[in-house]
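To start, the structure itself, in structure tokens.
The values are calculated or read from the model by the stated rules, or taken from the named source; none is laboratory data. Bear in mind the structure is a predicted one, so any value in this text is a computation, not a measurement. Cβ atoms come from the backbone with ideal geometry, glycine included; neighbour counts cover every protein chain shown.
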Amino acid sequence: MKRKILSVLLTAAFVAATIAGCGGSQPAADTAAPAQEAAPAPAAEAPKAEEPAPAAEEAAPAEEAAPAEEAAPAEEAAPAADAGGLINVGFAQVGHESDWRTASTKSAQDVFSEANGYNLSFVDCDNDSAAQLEAVRGFIEQGVDYIIIDPIVSTGWDTVLTECDDAGIPVIVIDRTIDDSDKYVSWVGSDFLTEGKAAGEWLKSYVEKQGIKEVNALIIQGTTGSSAQIGRTDGFKEIADREGWTILDMQTGDFTEEGGQQVMESYCKSYAGKFNVVVCENDNEAFGAMTAMDNAGVTYGPGNDVILISYDACTAGLKEVKAGKITADFECNPLAAPTVEGVIKTLQSGGTPEAKILVPDNWYALKDQIVDFSVDGKAMSMIEVTDEVIEAQY
Ligand code: GYE
């Protein structure tokens with residue numbers, strides 16, 4: 001009976017968290033609605049993100065008949081599951097490199113709290129792939145019930161995921177993808193390739209509107225080998241190649257402000273007067289690039305020399321859009337933890353969660369920079385950045 005009450009409480013918490021997470025990410029749910037409708041790729045998948053909730057609810061009565069125990073062998077095998085009945089979750093987080101990451105960590109810590117019935121072992125892997133593998137092995141040793149991994153890079157995973165499998169511990173991948181192993185239950189995250197294509201297609205429409213004939217772009221990439229870097233680079237490059245734009249250079253800024261500044265300083269020296277577009281693969285790199293361009297006397301943002309494109313669209317990034325510094329910002333929603341909890345609930349109740357759950361994103365600019373564009377033939381729309389939109393963002 002105790003378990004039943006806990007389960008009901010957890011379900012309620014999940015539903016609340018899902019609403020808060022998704023609604024919160026789209027501040028102006030009203031304003032955001034057209035963008036989501038107009039972005040069928042992510043939006044079409046979006047309902048799946050909420051599927052685990054009903055599954056968990058339906059499963060609640062079954063728990064009394066005790067199949068839940070069968071469904072969670074890891075829990076039984078894990079003496080670590082404490083007397084209070086908390087579910088032990090290990091989370092191997094990428095690090096603390098960006099505003100996006102801070103929002104992702106906070107979301108996970110809020111969702112997997114003791115009050116919600118979890119005992120969270122959180123490891124900040126400081127962008128070190130070897131440390132991340134070690135963290136996962138540590139969770140296996142601890143005998144946690146579930147392991148959540150946000151993979152720093154997309155390869156090198158099969159051995160350790162096999163070890164998780166052998167130990168009977170389900171793995172859920174959050175945010176970045178794993179490309180060389182399928183030994184995990186679900187992945188929950190954003191479509192990075194679509195984000196990159198959206199930035200490219202927006203730029204095409206925007207330069208046409210501005211009467212700009214030539215595009216000479218510099219790209220500051222994210223962490224090399226991360227799926228976020230790969231998807232955003234490939235997506236943007238696909239449009240650049242199709243349009244015959246020149247990409248002068250691509251170097252990694254490692255998703256940090258410092259990295260963005262360093263790369264931009266060197267670009268300003270090597271390509272002085274030769275570039276009119278800078279693409280930063282996250283907001284923090286854009287902040288660093290802004291400092292470097294300020295120091296080099298390069299002007300950027302609407303109406304200035306350089307069109308500055310960024311990804312993430314966290315609060316700090318949207319503030320720079322509002323200030324006329326970042327010309328357009330392509331969101332990556334960091335609030336996936338409530339959906340991951342849904343996956344865990346489905347597993348707890350013996351269900352089969354969706355293998356792939358997309359978190360929908362929106363695209364942001366000021367009014368005059370909002371233009372019509374399509375991605376893979378699907379019409380997109382953008383959200384105008386206002387103080388209310390910034391206020392409601394993470
Ligand atoms: O864009 C960046 C962070 O993996 C999508 O990682 C994430 C990226 C995000 O450091 O800011």
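General remarks:
Yes/no matrix, rows are residues, columns are (1) surrounded by 22 or more Cβ atoms within 10 Å (Cβ to Cβ); (2) out of contact with any helix residue (DSSP H, G or I) (no Cβ under 6 Å at 6 or more places or on another chain); (3) farther than 26 Å from THR246 by Cβ:
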| site | (1), (2), (3) |
| --- | --- |
| GLU285 | yes, no, no |
| GLY288 | yes, no, no |
| GLY297 | no, yes, no |
| GLY324 | no, yes, no |
| GLY342 | yes, no, yes |
| LEU366 | no, yes, yes |
| ASP387 | no, yes, yes |
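- Residue check, ASP166 surrounded by fewer than 20 Cβ atoms within 10 Å (Cβ to Cβ), without any contact (Cβ under 8 Å) to a residue 40 or more places away in the chain and either outside the structural domain of ASP372 (by TED's automatic domain parsing) or farther than 26 Å from ALA379 by Cα (or both): yes
- Filter result for GLY317 (touching a residue at least 40 places away in the same chain (Cβ under 8 Å), away from the ligand (no atom under 16 Å from the Cβ) and within 26 Å of PHE192 (Cβ to Cβ)): no
- Restricted to the stretch 172-253, the set of strands (runs of 3 or more DSSP E) holding at least 3 residues that are surrounded by 19 or more Cβ atoms within 10 Å (Cβ to Cβ) comprises 186-189, 216-221.
- Checking LYS345 against (1) touching a Ser or Thr at 6+ places or on another chain (Cβ under 6 Å); (2) over 22 Å from GLU257 (Cα atoms), the condition it does not meet: (1)
- Subset tally (residues that are near the ligand (Cβ under 10 Å from one of its atoms) and either more than 17 Å from GLY222 (Cβ to Cβ) or out of contact with any strand residue (DSSP E or B) (no Cβ under 8 Å at 6 or more places or on another chain) (or both)) for the stretch 320-333: 1
- Count of the stretch 242-286 residues, restricted to those that are within 16 Å of the ligand (Cβ to nearest atom) and either closer than 14 Å to ILE307 by Cα or of a type in the set (D, E, K, R) (or both), is 9.
- The residue pairs whose first member lies in the stretch 256-275 and is among the polar types (S, T, N, Q), whose second member is part of a loop (DSSP other than H, G, I, E, B) and at pLDDT 95 or above, and whose beta carbons are closer than 6 Å, counting only pairs six or more residues apart or on different chains, are THR256/GLU97.
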